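Structure, as structure tokens:
Values quoted throughout were computed directly from the atomic coordinates according to the rules given, and no laboratory measurement underlies them. On a predicted model such as this, the values are computed, not experimentally measured, just so you know. FYI the Cβ positions are ideal-geometry reconstructions off the backbone, even for glycines, and counts take in every protein chain you see.
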Amino acid sequence: MGATATLSEAGLVAEPGQETSCTVTIRNAGQVVDQFAIDVVGDASGWATAEPATVNLMPGETGTVTVRFAPPRSSDVPAGTIPFGVRVFSSEDPAGSVVEEGTVELGAFTEVTAEIVPGKVEGSSKADFEVAVDNRGNRPVTVELSPLDPEDELDFRLERDRAELAPGTAAFIRMRTKPRKRFLRGQPIRHRFQVFVIADGAEPLKTEGTMVQRQLLPKWLLPALAALLVLLLALVTLWFTVLRPAVKSAAREAAEEQNQEIVKAAQDAGAGADQAKKNADQAKQNSEQAMKAVGLTPPGDNPGAPGSGPGTPPTRVSNAAADGTPTDFRVAADARIDSNVNRFAEFPYTLPDATKTLVITDLILQNPRGDTGTLRLLRDSGGTKTVLLEVGLSNFRDLDHHWLQAWRFQPGEKIVLAVSCQNAPDRGRCTPSVSFSGRVE
């Protein structure tokens, strides 16, 4: 047998950023002089040291080594009970090495930071911000958001006013501000506001932002209207002074020329008609004389046949079109951890009215917990699935998409949110979501 080891205290208590220690007594149980290497194994090994790291003992001799634990004040080391082992390795008899086990009860601390992004936004009727909240403590916290305008000139709308954050994670919460009064013209007005972030076990935080309210009328509108008016006056002047007289003269000349042609054509037609009448009268006389010569009586004139009736008036065709109905909805996932990156958990969405066409123009992908894995958007057409979009979860927290060529889902087709979750076991399930906007036709 190489060595025996005994801890002075198996259950230690430590606070983040502080140091605690215990001792381990080592006895050489062998028959020869031996050197023993001491180190710490387990979750606490990254912030534990043994002093000295090696001891030389005669047979039957004992030695004492101090083991120091200095847990960092970081979200990477969660609060709670952390097991460890002190390993004593014999250089002469490796099979006789021993490990003594213990625990460190690590205390909790809360550290939350918040920021409004961007800090300043300009707009005439609204401004969109994001409140970024980070949990830098070593325990989960629940935060509540409360916006405040000291001048009471703004209205606020939060995407949500409460969020739960695991250690080392962040949440991005959208917020829209709207001024209660608007103006057509004038100088910009700066509205300063605060957002208070209240977390369990921590002092309330205050972060500030600014909305710069502009006039409703664009600055270029009045100069553009003035230039348009000048151009219109110039065109009117040009019409009455140059174009209108020229058009009248050309029209008069064209009308006179056309009238002359019509008169000439009428005269030619009249002359032809007179000649035709004379020829007809001469033919009639010749016919009557021929009939009388053979003893027949010439017939009288027959009345002419009536003309055809008027044609059928055209019909009018009318056409009407109907606009689509705006719609928005959200599809959320709750996928279990899967080591197979090619296996996806699916979360379908079916349009309530199966006879309508769904047109998607905008979508927002959200991954507030910073899950790891892959997210896909699929089109399910009668069981045939095609991939429309594929992104890695670790690449975003919030991601906007606006399509110039909208996605169209025909009646009976489904939108499927598919997630392959590769979180670490302590992170839990993947819970990304997608918000859709568009219309139903």
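For region 2-14, backbone phi angles converted through the Karplus equation (6.51, -1.76, 1.60; θ = phi - 60°) give residue-by-residue couplings of x, 7, 10, 9, 9, 7, 6, 8, 8, x, 10, 10, 9 Hz, Gly and Pro being listed as x. Rounded, prolate or oblate, given the Cα gyration tensor of region 325-440, with a/c below 1.5 counting as rounded? Taking the square roots of the gyration eigenvalues as a ≥ b ≥ c, region 325-440 is prolate. Extension gain for the segment ALA332 to ALA250, taken as residue separation times 0.36 nm less the Cα-Cα distance, is 22.2 nm to one decimal. Anything over 19 Å Cα to Cα? Flag those among LYS385/LYS414; LYS178/LYS219; LYS126/LYS206; LYS264/LYS284, in the order listed. From LYS385/LYS414; LYS178/LYS219; LYS126/LYS206; LYS264/LYS284, over 19 Å: LYS178/LYS219; LYS126/LYS206; LYS264/LYS284. Working note: 222 nm ellipticity from helices only, DSSP H runs with n ≥ 4, each -39,500 (n - 2.57), summed and divided by the residues of the chain, gives -5500 deg cm²/dmol to the nearest 500.
With distances taken between every two different alpha-carbon atoms, region 1-111 has a Kirkwood hydrodynamic radius of 14.4 Å. Annotation: peptides 225-231, 421-427, 357-363, ranked by per-residue average of other Cβ atoms within 10 Å with the highest first, follow the order 357-363, 421-427, 225-231.
Ranked by the mean number of other Cβ atoms within 10 Å per residue, highest first, peptides 202-208, 126-132, 18-24 order as 126-132, 18-24, 202-208. Structural size metrics of region 104-143, computed from C-alpha coordinates, are Rg and Dmax of 16.1, 57 Å. How much of the pair distance distribution for region 103-203 lies past 20 Å, counting alpha-carbon pairs only, in percent? Roughly 45 percent, rounded to a whole number. Among the trypsin sites (Lys or Arg not before Pro) in region 321-351, those placed in a DSSP loop whose Cβ has at most 14 other Cβ atoms within 10 Å are ARG336, ARG343. Gain on full extension, evaluated as 0.36 nm per residue between LEU158 and ASN56 minus their Cα-Cα distance, stands at 30.1 nm.
Between the beta carbons of LEU404 and THR241, assuming R0 = 41 Å, the FRET efficiency works out to 0.30 to the nearest 0.05. Fully extending the segment from ILE198 to ASP274 would add 16.3 nm, taking 0.36 nm per residue of separation and subtracting the current Cα-Cα distance. Projected label points at ARG174 and LYS120, each 7 Å from Cα along the beta carbon direction, are separated by 2.5 nanometres. A simple spin-label model places pseudo-atoms 7 Å from Cα toward Cβ; at THR81 and THR25 they are separated by 2.6 nm. In straight-distance terms, cross-link reach from LYS181 covers every one of the aspartates and glutamates whose alpha-carbon lies under 17 Å from its own, apart from those fewer than eight places away in the same chain; here that gives GLU122, ASP149, GLU151, ASP152, GLU153, ASP155. Where (i) 1.44; (ii) 1.01; (iii) 0.95 are the candidate values, the label of the one calculated here for Rg/Rh (Cα atoms, Kirkwood Rh) is (i). Cysteine residues of the chain whose Cβ has no partner cysteine Cβ closer than 4.7 Å: CYS22.
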